[in-house]
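A.B. asks: Below is a structure I'd like to ask you about.
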Amino acid sequence: MKNIAVIGAGTMGNGIAHTFAQNGYNVQLIDVNETALSNAIKTISKNLDRMIQKEVITEDKKNQTLDNITTFSNIIEGVEYASLVVEAATENEALKLSIFKTLDGACPEDTILATNTSSISITKIASVTSRPNQVIGMHFMNPVPIMPLVEIINGYNTAKEVTNFIVELTKKIGKTPVITNDFPGFVANRILMPMINEAIETLQCGVSGVVEIDTIMKLGMAHPMGPLELADFIGLDVCLSILEVMYDGFKNPKYAPNPLLVNMVRAGKLGKKTGEGFYNYSTERKAIVPSTQFL
């Protein structure tokens, strides 16, 4: 397996492309938006520069990594010779189903189709293809080049040989694979998102402020990042989408998104990527958004 296509040039997609390319694979990075592709290469180059500064890699390794990445704005052209496709598009079910229908018709018969979804059913995604046994979840963690975990999710029909292959491939790129089964939220987000949702509930109820809630979880629970800052980092729209998938899948009110989260997403306050969420990122010094705004 030498040719790996990555669909989506956003934060997760460029991180996945970076990781495979740094480990010697030829990567076809695909996005319909040319600007997104250009920005992705700039981001990868910048992240490689940071690794050089930390003496993790050499300048030659940076150049080799960038040489291993080719960009495409056309999916069909980009996946023509791919042995593996990793889809990392927006966490939108309709979009992912559409992409997998296209991939099924465009990829070679033996191509494995993986999705980086953090919550959407692998079985449902696989159902729109003629190769459900070759569809699997590869849920990378953000930031991809740094975080060691890859959550490997089996769909109902995923072949054992495919799972074993992806597990070994994950190890080859320096990551730790952990296998889970196909239930809403899988393991990572089934546990993480209710915690974030409860932190938002705690804020809305006026128990404490943004910085206080995050500080308690960092200092008291040894979390590297507080839940509200983490929500900003993930994207409040992504958090909302995952909670909605779990609520719809389990029909359990404990997964119902907090109204504050819903309203913030409606208002376009999506976290770090829009410059404002529970924190304000518009200035060099991160300013805390007053918690009274939410009460």
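A.B. asks: State the percent of C-alpha pairs, over all pairs in the chain, separated by a distance greater than 24 angstrom.
C.D. replies: It works out to 53 percent of all Cα pairs.
A.B. asks: Here is a follow-up. Report, in listed order, any pair from LYS2/LYS175; LYS124/LYS272; LYS46/LYS101; LYS46/LYS171 with a Cα-Cα distance greater than 23 Å.
C.D. replies: Flagged as over cut-off: LYS124/LYS272; LYS46/LYS101; LYS46/LYS171.
A.B. asks: Still on this structure, I have one more. About its Cα centre, what dipole magnitude does region 133-229 give when the only charges are +1 on Lys and Arg Cβ and -1 on Asp and Glu Cβ, stated in debye to the nearest 20?
C.D. replies: Working: 6 positive and 9 negative charges, 85 e Å.
Dipole about the Cα centre, nearest 20: 400 debye.
A.B. asks: In what sequence, highest mean first, do 53-61, 81-89, 214-222, 126-134 appear when ranked by Cβ atoms within 10 angstrom?
C.D. replies: Answer by packing, highest mean first, reads 81-89, 126-134, 214-222, 53-61.
A.B. asks: Answer rounded, prolate or oblate for region 115-178, using the Cα gyration tensor with square roots of eigenvalues a ≥ b ≥ c: rounded when a/c is under 1.5, else prolate when a/b is larger than b/c, else oblate.
C.D. replies: oblate
A.B. asks: If you put +1 on each Lys and Arg Cβ and -1 on each Asp and Glu Cβ, how big is the dipole of the chain around its Cα centre, in Debye rounded to 20?
C.D. replies: Value, rounded to 20: 380 debye.
A.B. asks: What whole-number value in cubic angstrom gives the convex hull volume per residue for the C-alpha atoms of region 53-96? Could the numbers behind the result be given before it?
C.D. replies: Details: hull volume 6.2 nm³, N = 44.
Cα convex hull per residue, to the nearest whole number: 141 Å³.
A.B. asks: If you don't mind, another one. May I ask for the equivalent-ellipsoid semi-axes of region 155-295, computed as the square root of five times each C-alpha gyration tensor eigenvalue and listed largest first in whole Å?
C.D. replies: In descending order the semi-axes read 31, 18, 14 Å.
A.B. asks: Mind telling me which of GLU91, GLU151, GLU109 comes out most flexible in a GNM of the chain, alpha-carbon contacts under 10 Å?
C.D. replies: Taking springs between Cα atoms under 10 Å, the residue moving most is GLU109.
A.B. asks: Return a whole-number percent for the relative contact order of the chain, with Cα pairs under 8 Å and 6 or more residues apart as the contact set.
C.D. replies: Rounded, it is 13 percent for the chain.
A.B. asks: Next question. As a test of the formula, what do you get for the chain when each DSSP H run with n ≥ 4 contributes -39,500 (n - 2.57) and the sum is divided by the residue count, at 222 nm and rounded to the nearest 500 deg cm²/dmol?
C.D. replies: One gets -14000 deg cm²/dmol as the mean residue ellipticity at 222 nm.
A.B. asks: Using the Kirkwood radius built from alpha carbon pairs, what does the Stokes-Einstein equation give as D for region 6-149 at 10 °C and 1.306 mPa s, in µm² per second?
C.D. replies: 104
A.B. asks: State the Cα centre-to-centre distance between region 134-161 and region 89-104 in whole Å.
C.D. replies: 16
A.B. asks: In addition: Label ASN164 and GLU244 with points 7 Å out from Cα along Cα→Cβ: what is the distance between them in nm?
C.D. replies: My value for the distance between the label points is 4.0 nm.
FYI, it's all coordinate maths here, none of it is from the lab. Source: prediction; values computed, not measured. So basically every Cβ, Gly included, is an ideal-geometry build from the backbone, and we count neighbours across all protein chains shown.
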